[in-house]
Structure formats: C-alpha cells, structure tokens
Amino acid sequence: KGTVMNIIVFLIGLLISIMGILFIFKPSYFKKIFEKYLDKNWLLWAILIRVVIGILLIFVSNETRYPLFILWLGIVVILSAILLPIIGKERVTKLIKWWLDLPAFVTVIWAVIAFLFGLFIIYSANI
C-alpha cells in the first residue's frame, strides 16, 4: 500500500473531487474558465490530458482495489480522447456551451456526481 501507483490513482480521484466541489459552490468560476478558453486551442490540451490520465489509469489499475474498473475507466478516458477530434471542435464547443447553459440545479447534480465519483476513485486507490 502507498506505492507511487496508488498515489497516482488517489491524485486523479482527488482532482475530480475537488473539481466537483468547486463546481458545486462556485459554478460561475468554471463557466468563466470554459468561456475564456473555448475560443483558444483547448481541444489539443483536452486530448493530451485524457490520453495521459487514461494511460496512467491503465498502467496502475492492478494496484487498486478495483483493478478491472480502473482499467476500463482508463480505456474509456482514452477513447474519449480519440473521439474528440472525430466529433470536432465546433460540435464539442456547442455541447459544452449547452451544458453550461443548463439550469443551475442540473449542473450542481452533475458536480455532486463528479465529487462522489472522485471519492470512489480515491477509495479505489487503496492507500
């Protein structure tokens, strides 16, 4: 327990949970960030971050409490990176803008789900 691999999974879960908490209490903060960067070259960064996180999850999955779940999560994250350029920047931008315009209670529900999902990943880290 407590290996570097477990810590990587823990940090990924912590990042997801923190983002969920921030979106619950400061949704305007995320909306401003998304609106600021949607016009820039954000797609490449989104792809790179997904690929790195996906590879890390696949690589460390055997050291977790739920190796099959973490393995599949890594695969799904990589597939999402592959799909982004296929779907295209324009469509993904429209989807993000649509999501940001949803009523506040809907985005808070999604933020709570993200927070809980992050906690599950933290638990999976087996630290």
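Data table
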{"quantity": "Leading residue by the ranking (farthest from Tyr123 (Cα to Cα)) among those in segment 8-28 that are over 17 Å from the mean Cα position of the chain (by Cα) and open to solvent by 70 Å² or more (accessible area, probe 1.4 Å)", "calculated": "Lys26"}
{"quantity": "Filtered residue count, segment 80-106, keeping only those that are touching a residue at least 12 places away in the same chain (Cβ under 8 Å) and either in contact with a strand residue (DSSP E or B) (Cβ under 9 Å, 6 or more places away or on another chain) or not basic (Lys, Arg) (or both)", "calculated": "9"}
{"quantity": "Neighbours by Cβ (under 9 Å, 6+ apart or cross-chain): first from segment 107-127, under 16 Å from Phe69 (Cβ atoms); second among the hydroxyl-bearing types (Ser, Thr, Tyr) and part of a helix (DSSP H, G or I)", "calculated": "Leu116/Ser17; Phe117/Ser17; Gly118/Ser17; Leu119/Ser17; Ile121/Ser17; Ile122/Ser17"}
{"quantity": "Which listed residue, of Leu57, Leu71, is over 21 Å from Ile18 (Cβ atoms) and of a type outside the set (Ser, Thr, Tyr)", "calculated": "Leu71"}
{"quantity": "Single match in Trp45, Trp72 (criterion: open to solvent by 90 Å² or more (accessible area, probe 1.4 Å), in contact with a Phe, Trp or Tyr (Cβ under 9 Å, 6 or more places away or on another chain) and either closer than 30 Å to Val4 by Cβ or not in a helix (DSSP H, G or I) (or both))", "calculated": "Trp45"}
{"quantity": "Candidates Arg91, Arg65 - the one that is of a type outside the set (A, V, I, L, M), on the phi < 0 side of the Ramachandran plot and assigned to a loop (DSSP other than H, G, I, E, B)", "calculated": "Arg65"}
{"quantity": "Filter result for Gly74 (in contact (Cβ under 8 Å) with a residue 40 or more places away in the chain and either in contact with a His (Cβ under 6 Å, 6 or more places away or on another chain) or among the small types (Gly, Ala, Ser) (or both))", "calculated": "no"}
{"quantity": "Per-region count, segment 91-115, residues under 16 Å from Trp42 (Cα atoms), open to solvent by 50 Å² or more (accessible area, probe 1.4 Å) and among the hydrophobic types (A, V, I, L, M, F, W, C)", "calculated": "1"}
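The values are calculated or read from the model by the stated rules, or taken from the named source; none is laboratory data. All of these numbers come straight from a predicted model, not from anything done at the bench. Ideal geometry is used to build each Cβ from the backbone, glycine not excepted, and the neighbour counts take in all protein chains shown. Areas reflect the complete protein model, heavy atoms only, side chains present, ligands, DNA and RNA absent. Shrake-Rupley method; radii C 1.70, N 1.55, O 1.52, S 1.80 Å.
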